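The values are calculated or read from the model by the stated rules, or taken from the named source; none is laboratory data. Everything numeric in this text was worked out from a predicted model, so none of it was measured. Positions of Cβ are backbone-derived with ideal geometry, glycine not excepted, and every protein chain shown enters the neighbour counts.
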Amino acid sequence: MYEPFIRNAQYNVIKKQADTVLHALRAVGDPKILETVRYSALTRIMELFPDITDHRKTMLESISDLKMADDFHKYLQDFEPYLLEFPQITEKQIRKLFPKNKKLQLPNLAVIDYRYVSYLSWTDISTNKMYIVYDAGGQFIGVEGRFTTVNKKSYCFVCNRYEELVFFSAITKKRPAQASPDYYKSIGNYICMNGHECNKNITDISALEKFIDLVIG
């Protein structure tokens, strides 16, 4: 019986560290350097799960013994049954998150593998709208904003990887105490155009959580 305990962003950290060790094995001949790389990778992984003490800890620690590409592939594959899925969401639930948008374009939920999702995002090209859905401790949060294509690659504020971006801006619900009725303030940042790719890269969700908190108040 598998008990899932690895979130998507944590799994991406494990993949990144495994890739680092594999690259070092192929490129570095000094045993001391290899030992340092292995130790650093193991430390980074174990920091994600400070309370793990059972067989799962042994599984994680086995990165120190991997030598061949097939070993690393199996190491990552063995964790797939332990992935915590992003809570599956229905079209009805999504519509409730954006009640003012009567013509809301929805993503194809049937093709999503929720094991590899930290957040949902999609765009409506006809309206230049981007939508983000995030699970905050069992409660879905929806953020709607406008996106502007920038036609260049740079670093996404969510996954911190070099990807094709759009500039996403949303109107914050936070208002100063004495604000006038027509007051509004938008908050924006550069985010991956392709949410699927962003979810494959993300290793820390805190930047997105901070952005959402600034928007929703």
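Considering each residue of region 79-93, count those that are touching a helix residue (DSSP H, G or I) at 6+ places or on another chain (Cβ under 8 Å) and more than 22 Å from Lys200 (Cβ to Cβ), and give that number.
2
Would region 24-47 turn up any residue that is within 25 Å of Tyr134 (Cα to Cα) and not hydroxyl-bearing (Ser, Thr, Tyr)?
Scanning region 24-47 turns up at least one residue that is within 25 Å of Tyr134 (Cα to Cα) and not hydroxyl-bearing (Ser, Thr, Tyr).
Filter region 52-80 for residues that are of a type in the set (A, V, I, L, M, F, W, C) and in a loop (DSSP other than H, G, I, E, B) and give the result.
Ile52, Leu66, Met68, Phe79
Which residue pairs have Cβ atoms closer than 7 Å, lie 6 or more positions apart in sequence or on different chains, and pair a first residue in region 61-81 that is modelled with pLDDT of 95 or more with a second residue that is not in a helix (DSSP H, G or I) and not hydroxyl-bearing (Ser, Thr, Tyr)?
Short answer, once both residue conditions are applied: Phe72/Leu66; Tyr75/Leu66; Phe79/Ile6.
Where the second residue is part of a helix (DSSP H, G or I) and of a type outside the set (S, T, N, Q) and the first is farther than 16 Å from Ser186 by Cβ and lies in region 201-217, which pairs have Cβ atoms under 6 Å and are six or more apart or on separate chains?
Once the first residue is farther than 16 Å from Ser186 by Cβ and sits in region 201-217, its partners that are part of a helix (DSSP H, G or I) and of a type outside the set (S, T, N, Q) give Ile202/Ala9; Thr203/Ala9; Thr203/Val13; Ile205/Ala9.
Quick check on region 131-175: of everything there that is under 17 Å from the mean Cα position of the chain (by Cα) and on the phi > 0 side of the Ramachandran plot, which residue is surrounded by the most Cβ atoms within 10 Å (Cβ to Cβ)?
Restricting to residues being under 17 Å from the mean Cα position of the chain (by Cα) and on the phi > 0 side of the Ramachandran plot, the top hit is Asn160.
With respect to Ala41, determine if the residue is assigned to a helix (DSSP H, G or I), under 20 Å from Asp204 (Cα atoms), in contact (Cβ under 8 Å) with a residue 12 or more places away in the chain and not acidic (Asp, Glu).
Answer is yes for this residue.
What number of residues within region 8-43 satisfy the criterion of being touching a Ser or Thr at 6+ places or on another chain (Cβ under 7 Å) and not polar (S, T, N, Q)?
Number satisfying all stated conditions: 7.
Among (1) part of a strand (DSSP E or B); (2) exposed (fewer than 15 other Cβ atoms within 10 Å of the Cβ); (3) of a type outside the set (Ser, Thr, Tyr); (4) modelled with pLDDT of 95 or more, which single condition is Gln93 missing?
It is condition (1) that Gln93 fails.
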